[in-house]
1. Return the residues of segment 99-139 that are under 14 Å from residue 33 (Cβ atoms) and in a helix (DSSP H, G or I); say none if nothing qualifies.
2. Kindly provide the set of residues from segment 3-21 that are surrounded by 22 or more Cβ atoms within 10 Å (Cβ to Cβ) and either out of contact with any helix residue (DSSP H, G or I) (no Cβ under 7 Å at 6 or more places or on another chain) or under 20 Å from residue 49 (Cα atoms) (or both), ordered by number.
3. So for segment 81-92 (the condition being touching a helix residue (DSSP H, G or I) at 6+ places or on another chain (Cβ under 6 Å), assigned to a helix (DSSP H, G or I) and more than 19 Å from residue 38 (Cα to Cα)), does at least one residue qualify?
4. Count, please, the residues in segment 1-27 that happen to be within 11 Å of the chain's Cα centre (by Cα) and not in a helix (DSSP H, G or I).
5. What are the pairs with Cβ atoms under 8 angstrom where one residue, in segment 59-81, is under 20 Å from residue 124 (Cα atoms) and the other, located anywhere, is outside any helix (DSSP H, G or I)? Sequence gap at least six, or different chains.
6. Out of the residues in segment 41-76 meeting the condition of being at pLDDT 90 or above and part of a loop (DSSP other than H, G, I, E, B), tell me which one is surrounded by the most Cβ atoms within 10 Å (Cβ to Cβ).
């Protein structure tokens, strides 16, 4: 079990289903991906760094749609990860991004505002590509 499991589980349980919950999950995944990218070998680290950029772009979209979202959800810091925990850390990042994606998709189904729907669509696209880069699965 990686040291990330506890904080991630807490966030997965506590994050709300709205904009702030999506932001908190996405921010945590982005910061975790940056930490992981510095731990793994260079070839893998590049892909994880690109995933961090995707997650950060999703964050940007959330912040554009709701500028106050950063102040409504405290970020969770996962901290450093040991090289031997890299696979488990990738699984944690995948779970965080999947939870954010699920929340964004659920919101998009009921969101009446077209600009908010478009923002959620862009968030979902970045979360999907970020997950693929973290896991190495492109399907």
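1. First pass over segment 99-139, keeping only residues under 14 Å from residue 33 (Cβ atoms): 100, 126-127, 129-136.
The answer is 100, 126, 127, 129, 130, 131, 132, 133, 134, 135.
2. 4, 8
3. Applying the first criterion (touching a helix residue (DSSP H, G or I) at 6+ places or on another chain (Cβ under 6 Å)) to segment 81-92 yields 81, 89-90, 92.
Keeping just the survivors that are assigned to a helix (DSSP H, G or I) gives 89-90, 92.
In the following step, the residues that additionally are more than 19 Å from residue 38 (Cα to Cα) were identified as none.
No - not one qualifying residue is present in segment 81-92.
4. Going through segment 1-27 one residue at a time, the tally reaches 0.
5. Listed pairs, sorted by first residue: 73/15; 73/16.
6. Keep residues of segment 41-76 that are at pLDDT 90 or above, which gives 46-69.
Next, only the ones that are part of a loop (DSSP other than H, G, I, E, B) stay: 66-68.
Values: 66: 17, 67: 9, 68: 9.
Filtering first and then ranking leaves 66.
The values are calculated or read from the model by the stated rules, or taken from the named source; none is laboratory data. Keep in mind the model is a prediction, meaning the values are calculated, not measured. Reconstructed Cβ throughout: ideal geometry from the backbone, glycine too, with neighbour counts over all protein chains shown.
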